[in-house]
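See below for the structure under consideration.
Just so you know, all these numbers are worked out from the coordinates, no wet-lab data involved. This is a predicted model, so every value here is computed, not measured. Backbone-built Cβ (ideal geometry, glycine too); neighbour counts: all protein chains shown.
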Amino acid sequence: MSGDNAEDNVNHASNSKGISLPMTRVKLIMKSSPDVSSINQEALLITTKATELFVQYLALSSFNNGSGKDNKTLLYSDLANTVEGTETFQFLTGNNYCCHHHVTYIPFSLSIQ
């Protein structure tokens, strides 16, 4: 199976399942972990959809609690305040403690073009 054919299959699966995020980008991020050796199509689809739903939830929560609600804008400060002020999003702060349990913080960068 060639690389182009595999990418076409991933893109077709994302379009047919109502996914907006690029599955190839999610796969690239997943493969960046040294613990991941291979990713099957179902795991990729589920992870992509879960990520999309999470981003939507974060954006909606930030918008509803944000300062730009009157003019229908979402600012970075709205996102930051939601992450800092909502227990659900505390794991995004980079603190080593979340919900009184020790978690390891692994920084990463995501660039969407």
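For the pair Ser67 and Leu92, the difference between a 0.36 nm per residue extended length and the Cα-Cα distance amounts to 6.9 nm.
In whole angstrom, how far apart do the alpha carbon centroids of the range 26-47 and the range 67-92 sit? If you average the Cα positions of each part, the centres end up 28 Å apart.
Take the Cα of Met30, step 7 Å toward its Cβ, do the same at Tyr76, and the gap between the two points is 3.0 nm.
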